1. Within the stretch 244-270, work out how many residues are at pLDDT 85 or above, among the hydrophobic types (A, V, I, L, M, F, W, C), farther than 19 Å from L189 by Cβ and outside any helix (DSSP H, G or I).
2. Kindly indicate the residue of the stretch 224-238 that is open to solvent by less than 20 Å² (accessible area, probe 1.4 Å) and among the small types (G, A, S) and also modelled with the highest pLDDT among those meeting that condition.
3. Could you run through the stretch 83-104 and say how many residues are in a loop (DSSP other than H, G, I, E, B) and either open to solvent by less than 40 Å² (accessible area, probe 1.4 Å) or modelled with pLDDT of 95 or more (or both)?
4. Yes or no: A122 touching a Leu at 6+ places or on another chain (Cβ under 8 Å), surrounded by fewer than 24 Cβ atoms within 10 Å (Cβ to Cβ) and hydrophobic (A, V, I, L, M, F, W, C)?
5. Check whether at least one residue in the stretch 159-172 is out of contact with any strand residue (DSSP E or B) (no Cβ under 7 Å at 6 or more places or on another chain), open to solvent by 20 Å² or more (accessible area, probe 1.4 Å), part of a helix (DSSP H, G or I) and without any contact (Cβ under 8 Å) to a residue 24 or more places away in the chain, and report yes or no.
6. Regarding L177, is this residue more than 25 Å from C83 (Cβ to Cβ) and touching a Cys at 6+ places or on another chain (Cβ under 9 Å)?
7. Restricting attention to the stretch 134-150, which residues are in a loop (DSSP other than H, G, I, E, B) and within 18 Å of the chain's Cα centre (by Cα)?
8. For the condition modelled with pLDDT of 85 or more, more than 17 Å from the chain's Cα centre (by Cα) and open to solvent by 20 Å² or more (accessible area, probe 1.4 Å), what is the one hit in G216, G241?
Amino acid sequence: KKTRRTHPRAMSAFAAVSAVSAVSAPAPGGLRRARYHARRVVARAGSPASGAELLATLELEAPGWSGGYGTGGKVWSSSRVLCDYLVDVAAGLEDALPLELRGARVVELGSGTGAVGLACAALGAEEVVLTDGGSKSLLRLAETNAARASRVYTRESSSAAAPAVRVCGYKWGTAPLPRALEARAPFDLIVGSDCTYSVGGHGALCDAINDLARCGRTDGAADPLVLLAHQHRTLAAALAGRGSQGWGRDPHLSMFVETAAERGLDVREVREVRLAWHGLRN
């Protein structure tokens, strides 16, 4: 498959990978202000104004590292950034990608609490599968959150049927795919947040994306879109001896882009968000 590489620029990455494509660009102050005011207009029409506002309505449990949940028990900053992007897509404020959430079939990789997948369901996705390779405790947490969110969907959607949300254990790249995933393929959208921080997992993550992209797809059908959010952790990269790629930018995203290209995936950045003024956390 012919691949095209677009090198990411500036600091923080918000990836859209589609089987192919990943993506980010700095938003000037004027654009950020315009986006904020546009969100407020949308909010007055009854839609959430931000990812944080949407997540608050879902009443998710996020107990953190305790109870055997590990890193998946927390809603990380990259999840909120990705949810912000999805809110903008649903509101028609973001058109960098050919993405339609309403009626979509979505799978979340490394779902943890399930925040991003459940946000997709709240924004109109028809079916969502939350997957994680973590502990049974973590999968039960995702099931609990799916049940809590389902009550919110039912309460707030008087006419439309509530989206179907399921939870499935899945370790990236293992074959064959779990039956619960095969039965609900093909997918229109694959999402994941903070899945790229571990360089050792890049290959398995790309293999999982390719496996899910192929599953249930007929000849000539469009590939699913893949949206990944990456948080730059410059200190962790420096301590691992990998250096940095400028102020507030670790090399892990570029390393993921290289691995993805080797596996036939086209990656480009669609949004960049500064999480701290000093640029150490983006």
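The values are calculated or read from the model by the stated rules, or taken from the named source; none is laboratory data. Remember, predicted model here, so these are calculated numbers, not experimental data. Ideal geometry is used to build each Cβ from the backbone, glycine not excepted, and the neighbour counts take in all protein chains shown. Ligands, DNA and RNA are excluded from the accessible area calculation, which covers all protein heavy atoms including side chains. Shrake-Rupley method; radii C 1.70, N 1.55, O 1.52, S 1.80 Å.
1. Total meeting the criteria: 0.
2. Once the filter is applied, the top-ranked residue is A229.
3. First, pick out the residues of the stretch 83-104 that are in a loop (DSSP other than H, G, I, E, B): 91-104.
Right, trim to either open to solvent by less than 40 Å² (accessible area, probe 1.4 Å) or modelled with pLDDT of 95 or more (or both) and you get 91, 94, 97, 99, 101, 103-104.
Within the stretch 83-104, residues that are in a loop (DSSP other than H, G, I, E, B) and either open to solvent by less than 40 Å² (accessible area, probe 1.4 Å) or modelled with pLDDT of 95 or more (or both) number 7.
4. Values: touching a Leu at 6+ places or on another chain (Cβ under 8 Å): yes; surrounded by fewer than 24 Cβ atoms within 10 Å (Cβ to Cβ): no; hydrophobic (A, V, I, L, M, F, W, C): yes.
No.
5. No: the stretch 159-172 contains no residue that is out of contact with any strand residue (DSSP E or B) (no Cβ under 7 Å at 6 or more places or on another chain), open to solvent by 20 Å² or more (accessible area, probe 1.4 Å), part of a helix (DSSP H, G or I) and without any contact (Cβ under 8 Å) to a residue 24 or more places away in the chain.
6. Values: more than 25 Å from C83 (Cβ to Cβ): yes; touching a Cys at 6+ places or on another chain (Cβ under 9 Å): yes.
Yes.
7. Here is the first cut: in the stretch 134-150, the ones in a loop (DSSP other than H, G, I, E, B) are 134-135.
Within the stretch 134-150, just G134 meets the criteria.
8. Working: G241 fails: modelled with pLDDT of 85 or more.
Going through G216, G241 in turn, just one is modelled with pLDDT of 85 or more, more than 17 Å from the chain's Cα centre (by Cα) and open to solvent by 20 Å² or more (accessible area, probe 1.4 Å): G216.
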